[in-house]
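Data block below; observations after.
Just so it is clear, none of the values below were taken in a lab; they were calculated from the coordinates. Computed from a prediction, not measured in an experiment: that's the story for all the values here. All Cβ positions, glycine included, derive from the backbone under ideal geometry; neighbour counts span all protein chains shown.
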Amino acid sequence: MTRFHTHTIETAPEHSRALLSNAKANYGFVPNLFANMAESPALLEGYLTLTQIFNKTDLSETEKQIIMMTANRLNRCDYCMAAHTTIAKAAVPAEVITALRDNTPIANTKLEALRQFTIQVVENRGWPTQQEIAKFISAGYGQQTVLDVILGISLKILSNYTTSMTDTKLDDVFKADLWQAA
């Protein structure tokens with residue numbers, strides 16, 4: 001089995017060091033996801049940049065977490081589900097977090113439509129039917145959100161696939177929100 005190195009700021013490739021230093025300044029620690037991504041400075045920079053871009057969308061924090069946590073669950077990413085649970089607790093209603101973790105409907109019909117559309121996009125690898133797109137738009141979202149869902153899923157593919165291939169260990173700060181794919 002190929003073992004990937006979980007880098008520190010000092011052991012990371014030169015072009016990843018500043019990115020890891022910034023992460024430590026922002027979070028108080030270097031998340032293991034970033035420490036593993038650091039092996040590829042381009043991947044780490046891409047993930048961090050795409051995160052900033054996704055945060056510029058018109059989506060609420062709850063809507064962003066619905067997209068990301070739904071993708072995490074479907075991609076069976078234990079690390080990302082735990083991390084996003086911890087992150088979401090600051091701004092997302094507890095019942096939404098529980099629904100996302102348990103794969104149960106969200107009581108708010110518009111938010112549930114977002115969850116269902118995200119499921120369709122992920123499960124159909126970007127090929128939802130025209131009926132599914134129309135249903136999503138009729139729930140109150142626009143064409144921009146259709147495309148923002150793609151952006152959020154793309155962001156999670158970077159992290160979900162990285163944690164899978166590098167066997168990223170869960171950071172202590174996320175362990176209280178441990179989640180395991182069924």
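Would you kindly derive the ³J(HN,Hα) couplings of the stretch 49-55 from the backbone phi angles with the Karplus curve 6.51 cos²θ - 1.76 cosθ + 1.60 (θ = phi - 60°), listing them in order in whole Hz, with x for Gly and Pro?
5, 5, 4, 4, 5, 4, 5
Is the stretch 14-54 best put as rounded, prolate or oblate by its Cα gyration tensor, with a ≥ b ≥ c the root eigenvalues, rounded for a/c under 1.5, and otherwise prolate when a/b is larger than b/c, oblate when not?
Judged from the Cα gyration tensor, the stretch 14-54 comes out oblate (a/c at least 1.5, b/c at or above a/b).
Between Q52 and E95, what is the label-point separation in nm under the 7 Å Cα-to-beta-carbon projection?
Once both label points are built, they end up 3.8 nm from each other.
With the contact rule set at Cα under 8 Å and sequence spacing of 6 or more, what percent relative contact order holds for the stretch 83-182?
Once normalised by length, the contact order is 27 percent.
What does the convex hull of the Cα atoms of the chain come to per residue, in Å³, rounded to a whole number?
Residue-normalised Cα hull volume stands at 121 Å³.
So how long is each side of the stretch 6-98 along the principal axes, counting just the alpha-carbon atoms, biggest first, in Å?
For the stretch 6-98, the Cα extents along the three principal axes come out at 42, 26, 24 Å.
To the nearest µm²/s, what D does Stokes-Einstein give for the stretch 78-149 at 25 °C and 0.890 mPa s, using the Kirkwood radius over alpha carbon pairs as Rh?
In µm²/s, the coefficient is 187.
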